[in-house]
1. Sort 337, 235 so the one with the fewest other Cβ atoms within 10 Å of its own Cβ comes first.
2. Taking 0.36 nm per residue of sequence separation and subtracting the Cα-Cα distance, how much length would be gained by fully extending the chain between residue 339 and residue 368, in nm to one decimal?
3. State the answer as a single residue: which of 293, 257, 267 lies farthest towards the positive end of the charge dipole of the range 255-304, with beta carbon charges of +1 for Lys and Arg and -1 for Asp and Glu, about the Cα centre.
4. I'd like the Kirkwood hydrodynamic radius of the range 142-232, using the inverse of the mean 1/r over distinct C-alpha pairs, in Å.
5. Which of the chymotrypsin sites (Phe, Trp or Tyr not before Pro) across the range 148-202 are loop residues per DSSP, with 15 or fewer other Cβ within 10 Å?
6. If you average the alpha carbon positions of the range 56-80 and of the range 205-221, how far apart do those two centres end up, in angstrom?
7. How much FRET efficiency would the formula 1/(1 + (r/R0)^6) give for residue 308 and residue 201, where r is the Cβ-Cβ distance and R0 is 35 Å, rounded to 0.05?
8. For an R0 of 51 angstrom, estimate the FRET efficiency from the Cβ-Cβ distance between residue 250 and residue 108 and round to the nearest 0.05.
Amino acid sequence: MNNFIPVIAGAVIVLVTAGGMQWYPNNSIHYNDITVHKGMAFIAADHGLDVINVSRPGTPHLAARFFSPHGGTGRIHIQDYLAVLQCTDQGRLDYSEKLLVLDVSRPHRPRMISVFQTPKEWIDNIIVIDDDFIGSGLIRSVRIHAGRIYGLLAIPNSHSRLVSFEVTENGKMSIDRSCNIDPNAIDFHIQGHRAAIACGWKGLQIVTIGATGELNPQAPIQYGGFCCEPWIENDTVYCADEALGGTAFHLENNTPPVRISLGDGKPNPRLVSMNRIRKAGDRFFFSGITDTGWTLSITSFSPPSGFLVKSFITSRKLFGNESGPVTEREPIGMAIDGNRLFLTHRQQGLLIFEVSSADQLSLLGRFQPRSNQ
């Protein structure tokens, strides 16, 4: 049973939880990560979760609002009826100490199933330096695959771990399987019996998943790039790479990945500094912060030449000249559903774009969250 009581009091919402009260002044709701599933946009937010009906993209509307009793949420992943969210007690999108699992089979009434708290003995001298967390025992990324929840955890003693979780019928969540991976692991993606792990300057690491769920890591391969986020599909891993601008690898069973892009060995300047990747059909969507601000690149892929940029769109072109800190001005979450691009923005809420056959964007609709909705 959820241990919280949302109370509307004038222009604020007061969320009463076991840990005290949290205040959400009017118009202050901020969106973080997003995923789109069956005509619904599920958005991790500072208060928990918003579910937006986007079946008519020109007039998106709020279908449900879930107030988390464990603080705001940063990243979200959904498969079938399960949603897993990283709780962001410390205000970060890429680190957390808790996972929140919801049943979203009825999108209009999300229901909390379980919470995972990293064991206290894992938390190892977490400090903040230049707005970055230094320490261990933090959850960096989560995914759901084949009904199982996976997480990438930073653990003490200078290593990271890929884990799978088990959720029992009474809602208890515990680690079922795990394996040590490169300590530089940043993010991961899973398809079939493989997980691809981005390890920054240490490159790419592959973990195979056995028939009974066992996790078997291969040695990471360094290739001269900075791998930020992978996307695995069939026997190919595509990587958003801050140094090279994007690269791809072919996978064979029990052999190291073979790079199949960047035939000339030169970085793609229009993809350098991109750290997010999404795929829809034969198109790839890269995003990141470049010297011109937040940038979106729509590309195709053809080995050995690699990624061909077909459209290059800056935040200034989409949102104009905005004021305020960079973290408030730039889009945070990105999801693709067919020919529609969904962006979450700290100031502007949810924006929905049509991606034309010519790889240009046109705004279809937007939803600006309010705390009194």
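Nothing in this text is a laboratory measurement; each read-out follows from the coordinates by a stated rule. The structure displayed is predicted, hence computed values, not measured ones. Here Cβ is always computed from backbone atoms with ideal geometry, including for glycine, and neighbour counts include all displayed protein chains.
1. Listed from fewest to most nearby Cβ atoms, that is 235, 337.
2. Once the chain is fully extended between residue 339 and residue 368, it gains 8.2 nm.
3. It is 257, whose Cα lies furthest towards the positive end.
4. About 13.3 Å, per the Kirkwood formula over Cα pairs.
5. When the chymotrypsin sites (Phe, Trp or Tyr not before Pro) of the range 148-202 are filtered for loop state and at most 15 Cβ neighbours within 10 Å, 201 remain.
6. Cα centres, the range 56-80 to the range 205-221: 32 Å.
7. About 0.85, to the nearest 0.05.
8. Plugging the Cβ-Cβ distance into 1/(1 + (r/R0)^6) gives 0.70.
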